[in-house]
Amino acid sequence: MFGAIGARGLSCFSFRHLVMHSKTTTLRFALQPSWFSTTTMKKRVGTHNGSFHCDEALACFMIRLADKFSGAEIVRTRDPKVLETLDAVVDVGGVYDPSRDRFDHHQKGFDQVFGHGFNTKLSSAGLVYKHYGAHIIAKELQLDEGHLDVHRLYLSIYKNFVEAVDAVDNGINQFDSDKPPRYVNNTSLSSRVSRLNPEWTEPDQSSEKENEAFGRAMGLAGSEFLESIRFHAKSWLPARSIVEECLASRYQVDASGEIMVMHRSCPVSEPFYTLKTIVVGFSVKFLSKDDRTQNWRIQAVAVSPDDFRSRKPLPVNWRGLENDKLLEVSGIPGCVFVHASGFTGGNRSYEGALEMARASLKA
């Protein structure tokens, strides 16, 4: 199932024809992936013409994944009379009314957020996801919409994918600081979608050229959205379950409850932080076996998922040392190394790694 949407999803994305109506353009897409209906196109979804951004490209893609708008035509216009006739409208029209599938965020007084602890102002992408995201995820996973895993994925995909699109479109800085960023990052999805707009130097500035570019933008944003669902369903969710089980048994490892043993290798960091009721305030150390070397690794948990600092790094006088020099300083047999930043280290045995973890908690 996920092979179809991941490996073949974008290659099946093609544009059969464009139909022009003065300043209003209707894009009729021919999409063959199995997750789209093959019935005759009936519904029409509107968004604005002119330069496009990531939020409406993603919103248009997502809303077509919902059963209600499967196979819908995309109509790009700012004409209020045309917009009024459409079945759904995103990012234009000055109306937010989910009962009529109107999803604009530009109007004065708009202050909608996703909820569930998130406070970022929504763009058209966030609005569509808020009302159709759980339905789309349930459909892709072939689960009931009320299933707990659907709810978990619904929240995590917003946090790790959609929220950034909302923030960029609404001009919200990632950091609460007046200082300029230390480096430029133009590799985000929003940046890449923006670059798909026709260059101002191109001789052909026609609506046809613009709509072809918007179609590519939908394909790019949509393929990454589907890839996010696939990753969270096949990797993040199983890892979360493993981390939850290991956290629950951590007192069997050490009485402090701040040392956790991972008996199976999996991504730890992001799933760990979703378990807020357990991990707040803890300086947990992860112990895991390196399948390549058969050594045991010790890793300090970071302050937050996006912070390189550790809550409780390994001792300063251990950092950057290896083998005999590390043994001499630590007094713990089997030491292999400690990273210069103190976030991780290694020992040849489980007992040695556990002793390193306990010593670092006391340091």
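No value in this document is a laboratory result; all are computed from the given coordinates. For clarity, every value in this text was computed on a predicted model and none was experimentally measured. Cβ: placed from backbone, ideal geometry, glycine included. Neighbour counts: every protein chain shown.
What FRET efficiency comes out for the pair TRP200/SER241, r = Cβ-Cβ distance, R0 = 51 Å, nearest 0.05? Before the final figure, lay out the partial values.
Numbers: r = 50 Å, r/R0 = 0.98.
The value I calculate is 0.55.
Across segment 36-155, the relative contact order, built from alpha-carbon pairs under 8 Å that are at least six residues apart, equals 23 percent.
Percent relative contact order of segment 94-188, based on C-alpha pairs within less than 8 angstrom and at least six residues apart? Don't skip to the answer; put the middle values down first.
Numbers: 83 pairs, mean separation 21.6, N = 95.
Relative contact order comes out at 23 percent.
For ASN317 and SER304 in the same chain, what is the full-extension length gain: residue separation times 0.36 nm, less their Cα-Cα distance, in nm? Don't skip to the answer; put the middle values down first.
Numbers: separation 13, 0.36 × 13 = 4.68 nm, distance 2.44 nm.
Net length gain for the segment: 2.2 nm.
Candidate cross-link partners of LYS234 among the lysines, defined by an alpha-carbon separation under 29 Å and a same-chain spacing of 8 or more, comprise LYS68, LYS130, LYS139, LYS159, LYS276, LYS285, LYS289.
Per residue, the average separation of C-alpha pairs within less than 8 Å and at least 6 apart gives segment 293-363 a relative contact order of 36 percent. Classify segment 118-229 as rounded, prolate or oblate, taking a ≥ b ≥ c as the square roots of the eigenvalues of its Cα gyration tensor: rounded when a/c is under 1.5, otherwise prolate if a/b is larger than b/c and oblate if not. The shape class here is oblate. Considering segment 66-142, its Cα convex hull presents a mean projected area of 5.9 nm². In this label model, THR187 and SER349 are separated by 4.2 nm, measuring between points 7 Å along each Cα→Cβ vector.
Taking 25 Å as R0, compute the FRET efficiency from the Cβ-Cβ separation of ALA363 and GLN252 and round it to 0.05. Don't skip to the answer; put the middle values down first.
Working: r = 23 Å, r/R0 = 0.94.
It comes out at approximately 0.60.
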